[in-house]
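First the structure, in the form of structure tokens, and then the observations on it.
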Amino acid sequence: MRVLLIGSGGREHALALGLAADPSVDFLAAAPGNPGIAQVAELHEVKATDPAAVAALAVELAADLVVVGPEAPLVAGVADAVRAKGIACFGPSAAAAQLEGSKAFAKDVMAAAGVPTAGSYACTTADEVARALDELGSPYVVKNDGLAAGKGVVVTEDREVAERHAADCGTVVIEQYLSGPEVSLFVVTDGTAAVPLMPAQDFKRLADGDEGPNTGGMGAYAPLDWAPDDLVDRVLRETVEPTLAEMRRRGTPFAGLLYVGLALTPDGPKVIEFNARFGDPETQVVLALLETPLGGLLNAAATGTLAELPPLRWREGAAITVVVASKNYPATPRTGDVIEGAEVPGVIHAGTARRDDGALISAGGRVLSVTAVGGDLREARDAAYALVDGIRLDGAQYRTDIALGAVEKRI
Ligand code: AMP
Ligand code: GLY
């Protein structure tokens, strides 16, 4: 099978490693890729959000399968353009990717499907915003309706901050605050059959102790020993199956990766958000534990044959990833710093680039995603932080408490 992977972050490097390790994948290309992905794939230049350009590249490479990593190309219609050329694509259509592309759309689908989630109002005027904030109370949760690369959500007890964010966004969704630990559950689906991956936990805040601003994600681990035994079955039954059925009913089936972001509230798991693609950095740990060949799994979802796939196989043990971010991330990340010690197994590249003289340099906010597997979470944690200690990047920021609460049984 010839595979083309679209994207250039840590998630895509993890996907590339999984695809390259699948014996059924005999050719792997990536566009635009990064220096880590270049170790296992042939890189091509392409504007990932240009559907015609991606489809043309897939034809030129005689790809059998295109795997789209990030949300922006999906929302732009890249999967539709690839499929229009008769090539299988892992990733939802533009219409189905609206589950991530519009928070108001996602809420509408959830309401129609009876999915447990926070009560909410979609608002466009200051009056509507004020009424919703009054009704739902503090802490206020204000979400930009559209894609905002992890910066669209404000959770605050400060009414003025909530109102200012709403005014900055235009259309917002204001919702009830959900309390409880957060879990990311990834579900591979062909629109009908749904195969859950292992639940993982992400750390969204920049600093230790969940302090500081929200980020794209500063680390993750799996499995979640503390989660209820029936969590995955319950979320499949209450959330995933009704959502997939509602999307089919609307004539826009969702096929690809449905990312269910959950809060485990005292009233049970409730949806915080849907995404239409693998989460970053949770993918780095989930795929580190997946033994089933990745290309076959994604191809089955892309070709409507997921129901025929044998059950997934998982490695024993645990995995953790620690994100190393650049100076001043997330506000104004500094790029162009030289990175040393990063070209070793386990160090997944996110925002890196190769300078003309061959040096590896930082090229984004989240630079590396340092990933390790161990017999248990403590071993995996020690191994990942030992790898982090070997990395030199001026101004680097990383959390020292990824998975610490789980190791110390404090969740
Ligand atoms: P999102 O972009 O929707 O994932 O939101 C980013 C983060 O904001 C989530 O990971 C949560 O920590 C927080 N958040 C979003 N919605 C809620 C909510 N309804 N209640 C509490 N926290 C929330
Ligand atoms: N880790 C959060 C996300 O990918 O949206």
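The values are calculated or read from the model by the stated rules, or taken from the named source; none is laboratory data. This structure is a prediction, so every number in the text was calculated from the model and none was measured. Backbone-built Cβ (ideal geometry, glycine too); neighbour counts: all protein chains shown.
General observations
- For the stretch 46-78, the candidate set comprises residues that are more than 28 Å from Ser120 (Cβ to Cβ) and among the acidic types (Asp, Glu); within that set, the residue that is surrounded by the most Cβ atoms within 10 Å (Cβ to Cβ) is Asp64.
- Any hit, the stretch 364-375, residues being charged (D, E, K, R) and out of contact with any helix residue (DSSP H, G or I) (no Cβ under 7 Å at 6 or more places or on another chain): no
- Exclusive hit being over 26 Å from Leu74 (Cα atoms) and charged (D, E, K, R), set Asp158, Asp108: Asp158
- Close pairs from the stretch 11-25: first more than 16 Å from ligand 2 (Cβ to nearest atom), partner aliphatic (A, V, I, L, M) and in a helix (DSSP H, G or I), Cβ under 7 Å, at least 6 apart: Ala16/Ile37; Gly18/Leu287; Gly18/Leu294; Leu19/Leu294; Asp22/Leu294; Val25/Leu19
Residue-by-condition table, conditions (1) of a type in the set (Asp, Glu); (2) buried (at least 16 other Cβ atoms within 10 Å of the Cβ); (3) free of Cβ contacts under 8 Å to residues at least 60 places away in the same chain:
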residue	(1), (2), (3)
Gly358	no, no, yes
Ile361	no, yes, yes
Gly365	no, yes, no
Glu379	yes, yes, no
Tyr385	no, yes, no
Asp389	yes, no, yes
Leu393	no, yes, no
Gln397	no, yes, no
Ala403	no, yes, no
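- Scanning the stretch 126-150 for residues that are in contact with a strand residue (DSSP E or B) (Cβ under 7 Å, 6 or more places away or on another chain) and within 13 Å of ligand 1 (Cβ to nearest atom) turns up Ala132, Leu136, Pro139, Tyr140, Val141, Val142, Lys143, Asn144, Asp145, Gly150.
- Meeting the requirement of 2 or more residues that are surrounded by fewer than 16 Cβ atoms within 10 Å (Cβ to Cβ), of a type in the set (S, T, N, Q) and more than 16 Å from ligand 2 (Cβ to nearest atom), no strands (runs of 3 or more DSSP E) wholly within the stretch 79-152 can be named.
- Within the stretch 179-213, the only residue that satisfies the criterion of being within 10 Å of ligand 1 (Cβ to nearest atom), over 19 Å from Leu368 (Cα atoms) and crowded, with 20+ Cβ neighbours inside 10 Å is Ser184.
- Residues in the stretch 238-279 that are of a type in the set (D, E, K, R) and in contact with a strand residue (DSSP E or B) (Cβ under 8 Å, 6 or more places away or on another chain): Glu238, Glu241, Lys270, Glu273, Arg277.
- Residue among Glu246, Glu241 that alone is of a type outside the set (A, V, I, L, M, F, W, C), away from ligand 2 (no atom under 16 Å from the Cβ) and more than 19 Å from Ala307 (Cβ to Cβ): Glu246
- Criterion (within 25 Å of Ile411 (Cα to Cα), at pLDDT 95 or above and in contact with a Phe, Trp or Tyr (Cβ under 9 Å, 6 or more places away or on another chain)) met by exactly one of Leu298, Leu244, Leu290, Leu257: Leu290
- Picking from residues in the stretch 214-271 that are among the hydroxyl-bearing types (Ser, Thr, Tyr) and in contact with a Ser or Thr (Cβ under 9 Å, 6 or more places away or on another chain), the one that is surrounded by the fewest Cβ atoms within 10 Å (Cβ to Cβ) is Thr265.
- Options Ala62, Ala14; residue that is outside any helix (DSSP H, G or I) and hydrophobic (A, V, I, L, M, F, W, C): Ala62
- Every condition in (1) within 20 Å of Leu387 (Cβ to Cβ); (2) buried (at least 17 other Cβ atoms within 10 Å of the Cβ); (3) among the small types (Gly, Ala, Ser) holds for Ala353 except the one numbered (1).
- Residues of the stretch 268-309 that are among the charged types (D, E, K, R) and either in contact with a helix residue (DSSP H, G or I) (Cβ under 8 Å, 6 or more places away or on another chain) or within 13 Å of ligand 1 (Cβ to nearest atom) (or both): Lys270, Glu273, Arg277, Asp280, Glu282, Glu308.
- Looking only at the stretch 281-309, residues that are closer than 23 Å to Leu74 by Cβ and part of a helix (DSSP H, G or I) come to 16 in all.
Matching residues to (1) in a loop (DSSP other than H, G, I, E, B); (2) more than 16 Å from ligand 1 (Cβ to nearest atom):
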site	(1), (2)
Ala263	no, no
Pro311	yes, yes
Ala319	no, yes
Thr335	yes, yes
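- Qualifying residue in the stretch 321-331 (condition: away from ligand 2 (no atom under 16 Å from the Cβ), touching a Ser or Thr at 6+ places or on another chain (Cβ under 8 Å) and in contact (Cβ under 8 Å) with a residue 60 or more places away in the chain): yes
- So Val240, is it away from ligand 1 (no atom under 16 Å from the Cβ) and outside any strand (DSSP E or B): yes
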